[in-house]
Amino acid sequence: MWKKAIDNLIPLFITLLIVILRFTFPNKLSFFTEVAIFSIYVMGNNILYGYIGLVSFGQPFYLGVGGYAVAIFLAYVGHSPIIALFLGILSGVVLGLVLGPSFIRLGSSYFALINAALCAIGVFIFERLLIDITRGNDGLWFRSRMTKLPLLDIRLPQNFFIFVVIIFFFVLLLYRYMDRSTLGTMFRSLKNNEEKLRFIGFDTFKVKWVGFTLASALSTFAGALYAINFGFVNPSLGENTRAVEVIVATLIGGSGTVYGPFFGALTFLGIKDIVSRLITRWELVVGILTIIVLFRFSKGIWGSIQQYIGVLREKLKLLG
Amino acid sequence: MPLNERLLDVRGLDVSYGKLKVIFNVSLHIDNGEVVVLVGRNGAGKTTLFRSISGFLKVDEGSILYKKQKINSFKAFEVAQIGIRYIPQDKHVFSTLSLRENLELASYSIKNEEWEPVFEYFPMLRELLDRRAGNLSGGERQMLLIAMALLGKPDLILMDEPTEGLAPHVITDLTAAFKKIRQNTTLFIIEQNLPLTADIADRVYSMKEGKIVQETSDKDEIKKLMFEKYL
């Protein structure tokens, strides 16, 4: 009973941890806002890599689409950030539904590469093809056109942090629900033994499609939140050189776990923040850490915590 | 469906892997309520035949009729949904999931939550519900696979060498289970275990080099293992 109660409270504990850290380090507001947003982005990639078993080198494309959906709406059409965020999610759902049928037919390596190609095309579209709309590398600014929410003026960074943390909490709850549901079990089984899943009567194509669409929606949602956080978007949000970041964060946190994305995001951004002040090529430390994680802690931070808790529980049981 | 009515009818089946033809003009039938065993040496085409019936391999020529419906072009999940379950030789379960989650998945796919009838065949599974499937023994895995296949009361189960690599006492338990299962479900089994075949089979098809070379339905001939020469 205690175990279940604690288990149910973990999303709340994690959310509180972000809030506590934000007030412990008051000058790190933007960092912890980014941790919450990046966690949602990693959750999307975790569905692909951790649950379904598909590596994508093109996740920044989806991030970029979400960002531009928000930016274009707020810069040219409307003023409501809520509608803009909704459009951000919708863009991911549409991308997932349209691209999914052709992408998920591919094997894992081709899936990774076609997404990388898409990412490169995406940057070209944002930077050159739609330059009249996106304003290319100058970026599309819209903060001044954004209205405040009835209870919260999210144009202010401290309020946007609260807004993002609330969103993060609910996304985490939904993510946990997905993990515990039959859908989550189907995703994991797909990675484990796709053929077997078909033997027992599942249309694995549809299961993958749902997973791909969910992952796209989470990524574009994160992109949309990034856009509102910055108040502008430029093509660098969708650059394929950043594709590895989300994969590394997924691995560090613990792929295929519910809370791994948060720990991965916190660790990755933390290292980037600390090390980048000491050396220019902060990626060196992230690279070394990734190698250590892959060789020594293949389950990642949360996966290892779960493992140690399991061992501890068994030992306590033996002690009576 | 009435007993002895034609459940599965395979006619003139040809199957290839690329340009390599491995099944040649195979015809066979399974009637409702039967236990039919398919024997043959390694490479005879037995597993290929099963994979063709269960929708995993494309058929070049011929037809597969299930309850008089042509199912040649059905995908594997559609074949499972109409009531034909295939248990492959590899004994792969969803190893990272618990036994309960394995059963839940199988239940969900065919929208049937009744586990009790399955536990009557394999009572020990009830005790292992929370064990990780990857930690089950070979015999327990096979029982889980059969249990998953049995959920939703399918009409036909195809089993590819269910006793391969299992301890003799587990084979004895499985044989007893097969005798109970056959009262409700038709079984089509690939088996190299001759005593087991002689014990449970109503008919035996022998396969050699991609062709059906003998059909044995005489009980005495089955008991005398007249098909042994094809092994």
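The numbers here are math on the coordinates, done by the rules we state, and not lab data. Only a predicted model underlies this, so the values are computations on that prediction, with no experimental measurement involved. As a convention, Cβ positions derive from the backbone with ideal geometry for all residues, glycine included, and neighbour counts pool all protein chains shown.
Distances between placed amide hydrogens fall under 5 Å for B:L7 paired with B:I30, B:D31, B:N32, all partners being 5 or more residues away or on another chain. Distance between the pseudo-spin-label points of B:Q183 and A:F124 (7 Å out from Cα toward the beta carbon): 6.9 nm. Model label points for B:Q192 and A:F13, set 7 angstrom from Cα along the Cα-to-Cβ axis, are 5.1 nm apart. Put the Cα centre of segment A:215-259 next to the Cα centre of segment A:168-189 and the gap is 19 Å.
Report the local net charge at A:P101: Lys and Arg +1, Asp and Glu -1, summed over other residues whose C-beta lies under 13 Å from its C-beta. Don't skip to the end; give the middle numbers.
Details: positive: A:R105, A:K206, A:K208; negative: A:D203.
Once positives and negatives cancel, what remains is +2.
Within 10 Å of the Cβ of each residue in B:50-59, the mean number of Cβ atoms contributed by other protein chains is 1.
Each 10 Å bin from 0 upward holds the following percent of the Cα-Cα pairs of segment A:2-240: 8, 30, 33, 22, 7, 1. Between B:D14, B:D60, B:D155, the GNM of chain B built on Cα springs shorter than 10 angstrom shows B:D60 fluctuating the most.
Think of each Lys and Arg Cβ as +1 and each Asp and Glu Cβ as -1; about the Cα centre, that makes the dipole of chain A roughly 740 debye. Between B:M124 and A:L316, the modelled labels are 3.2 nm apart [label points 7 Å from Cα along Cα→Cβ].
When you count the other C-beta atoms within 10 angstrom of each residue and take the mean per peptide, A:6-13, B:20-27 line up highest first as B:20-27, A:6-13.
What percent antiparallel are the DSSP beta bridges of the protein assembly as shown, to the nearest 5? If I count the DSSP bridges inside the protein assembly as shown, around 55 percent turn out antiparallel.
The A:V94 and B:N72 beta-carbon pair, evaluated with R₀ = 30 Å, returns a calculated FRET efficiency of approximately 0.25.
From the P(r) of the protein assembly as shown, can you give the percent of Cα pairs sitting at distances over 29 Å? Taking all Cα-Cα pairs of the protein assembly as shown, the fraction more than 29 Å apart is 60 percent.
Please give the peptides A:254-266, A:227-239 ranked by average Cβ packing (other Cβ atoms within 10 Å per residue), highest first, as a rough proxy for protection. Spell out each step's value before the answer.
On the way: A:254-266: 26.4, A:227-239: 22.5.
Peptide ranking by packing, descending: A:254-266, A:227-239.
Taking chain A as a Gaussian network of alpha-carbon nodes connected by springs under 10 Å, the highest mean-square fluctuation of the residues A:F187, A:F168, A:F297 belongs to A:F297. Give the Kirkwood hydrodynamic radius (Å, one decimal) of segment A:103-207, defined as one over the mean of 1/r across all pairs of different Cα atoms. The answer is 18.3 Å. Pairs of lysines in segment A:2-240 whose Cα atoms sit within less than 29 Å of one another amount to 7, provided the residues are eight or more positions apart or on different chains.
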